[in-house]
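To start, the structure under review is shown below, and the notes come after it.
The values are calculated or read from the model by the stated rules, or taken from the named source; none is laboratory data. What you see is a predicted model; the values in this text were computed from it and never measured. Ideal geometry is used to build each Cβ from the backbone, glycine not excepted, and the neighbour counts take in all protein chains shown.
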Amino acid sequence: MTHTPREIVTTVALGLPAVLGAGVFAGFAPAAGLAGWWLLPALAVSALAALCSAFSTADQSRAYPDAAGGYGYVRAQLGVVPARLTASAHLLGRCAMGAAIALMFGAYVVPDQPVVGALALLLATALFGAAGFRFTTGVSVAVSLVVLGVLALVVASSFSIPPVPSAGEAGTPDEIVGVAGLMFTAFAGFERVTAPHRGERLHPVAVLKFAIPILIGLSFVVCLAVGAGVLRQLGSARLALSPAPLRDALVAADASALVPLVQIGAAVAGVAALHFVLASAHRTLTGLTEDGDLPTRLRPAALTAVVVAATAVALVVMPFATALGVAACSTLFYYAFTNASARILLQNDRTWPMRTACLGLGLSVLLAMSLPIPALLVSMAGVGAGTGIVSLSASLRGRRSATRPRTPRA
């Protein structure tokens, strides 16, 4: 069966709003502080890790269409304990990513009170989701066009006039692998198309063969262009200190009149990316309750409240750079397990070769372990604590079931 270019384009457009979030709007600042101009080649490593992980999730979604994302795939392939580790890493990564997205929104739209703006975005997005709002194909296309248009204006403005000479350069090439891990967050929304939620249409394999490389490739080109533009206009030292790099690049390029457009783009991208993050975390929590790892009496509204509350705590206690680092590290741990699970899929369940899953596994571990020490420590502690809580909950539920008196047979 052949598929038209329109189907491929719409599939890519569905994924872009989930991808173009905090990474492209604000991730270049902490990345520049670590590696300076070396963050540009680091983006290629990030994109390669994302591409391999996208292949793995697409294959597993086809093999286990009703599973709760990576947690469900790992539980089916590797067992209960790895699945609980996967779920904990995913939930921590989603909450930290939600915090980073919300803080990005606050820095651009409410710069005087960024935390208040972040909390407002989180609450509004959660209410939209609870009311049943969904990003349909039409809405996703509109969001993609708005965000890409704004980013194109930033790139054009950044290259339109010579920059002011910079006082110095930040970063070192020694941090290129760590920056590649940090900027993985600029690609991590691909599951919007590779692993649709229950009730959503699975994309045909023939479409995904083109859509996945195009989605990751287009995201890479966009990030590369924006990163080069803001680095040129601000220099790595000024960029490393900027809470809103795209806005500051426009001001430096004497294009302050375009700042309101960037604020609109940041708001649209923030709502779209945060909606996906919250839905993704809710999916994993639902899988944990269905499998008995969490109390089965928890209702969807309670699960949403748990995600929102955890994200709110993360954005209050963590600055943007820390939140982005924890999001990157935890998400890479999650994809390490997901790629490990994909390695043992049967040949009939594969679209892409096993080597891509092996490469994805190796890159995920390497990038996660190369991230800044604070992000790595918080992630490891969070994953360990989350796994312990889930295991304790499952153990208590098992004991209650064992001690519950049985109804005598008639």
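Overview of values
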{"item": "Residue within segment 154-172 that is within 20 Å of the chain's Cα centre (by Cα) and either loosely packed, with under 14 Cβ neighbours inside 10 Å or among the hydrophobic types (A, V, I, L, M, F, W, C) (or both) present", "result": "no"}
{"item": "Residue list for segment 1-54, restricted to those being among the small types (Gly, Ala, Ser), assigned to a helix (DSSP H, G or I), within 25 Å of Phe337 (Cα to Cα) and under 16 Å from the mean Cα position of the chain (by Cα)", "result": "Gly15, Ala18, Ala22, Gly23, Ser46, Ala47, Ala49, Ala50, Ser53, Ala54"}
{"item": "Residue list for segment 173-194, restricted to those being within 15 Å of the chain's Cα centre (by Cα), at pLDDT 90 or above and among the aliphatic types (A, V, I, L, M)", "result": "Ala180, Leu182, Met183, Ala186, Val193"}
{"item": "Yes/no for Val222 being touching a residue at least 24 places away in the same chain (Cβ under 8 Å) and closer than 20 Å to Leu121 by Cα", "result": "no"}
{"item": "Hits in segment 293-312 (condition: of a type in the set (A, V, I, L, M) and either exposed (fewer than 13 other Cβ atoms within 10 Å of the Cβ) or in a helix (DSSP H, G or I) (or both))", "result": "Ala301, Ala302, Leu303, Ala305, Val306, Val307, Val308, Ala309, Ala310, Ala312"}
{"item": "Residue within segment 218-231 that is crowded, with 16+ Cβ neighbours inside 10 Å, more than 21 Å from Leu324 (Cβ to Cβ), under 20 Å from the mean Cα position of the chain (by Cα) and not polar (S, T, N, Q) present", "result": "yes"}
{"item": "Matching residues, segment 346-382, being closer than 21 Å to Met183 by Cβ and among the β-branched types (Val, Ile, Thr)", "result": "Thr356, Val365, Ile373, Val378"}
{"item": "Complete set of residues in segment 324-371 that are in contact with a Gly (Cβ under 7 Å, 6 or more places away or on another chain) and surrounded by fewer than 22 Cβ atoms within 10 Å (Cβ to Cβ)", "result": "Ser370"}
{"item": "Residues of segment 105-119 satisfying the condition of being assigned to a helix (DSSP H, G or I) and among the hydrophobic types (A, V, I, L, M, F, W, C)", "result": "Phe105, Ala107, Val109, Val115, Val116, Ala118, Leu119"}
{"item": "Segment 82-125 - residue that is surrounded by fewer than 23 Cβ atoms within 10 Å (Cβ to Cβ) and free of Cβ contacts under 8 Å to residues at least 60 places away in the same chain and, of those, nearest to Arg198 (Cα to Cα)", "result": "Ala120"}
{"item": "Unique residue being touching a residue at least 40 places away in the same chain (Cβ under 8 Å) and out of contact with any Leu (no Cβ under 7 Å at 6 or more places or on another chain) when the list is Ala228, Ala180, Ala237", "result": "Ala237"}
{"item": "Candidate set from segment 37-71 (those that are within 18 Å of Phe220 (Cα to Cα) and among the small types (Gly, Ala, Ser)); member that is surrounded by the most Cβ atoms within 10 Å (Cβ to Cβ)", "result": "Ser53"}
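Residue by residue, here is whether (1) at pLDDT 90 or above; (2) farther than 19 Å from Ala328 by Cβ holds:
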{"position": "Trp38", "(1), (2)": "yes, no"}
{"position": "Pro41", "(1), (2)": "yes, no"}
{"position": "Ala54", "(1), (2)": "yes, no"}
{"position": "Gln60", "(1), (2)": "yes, yes"}
{"position": "Asp66", "(1), (2)": "no, yes"}
{"position": "Val74", "(1), (2)": "yes, yes"}
{"position": "Gln77", "(1), (2)": "yes, yes"}
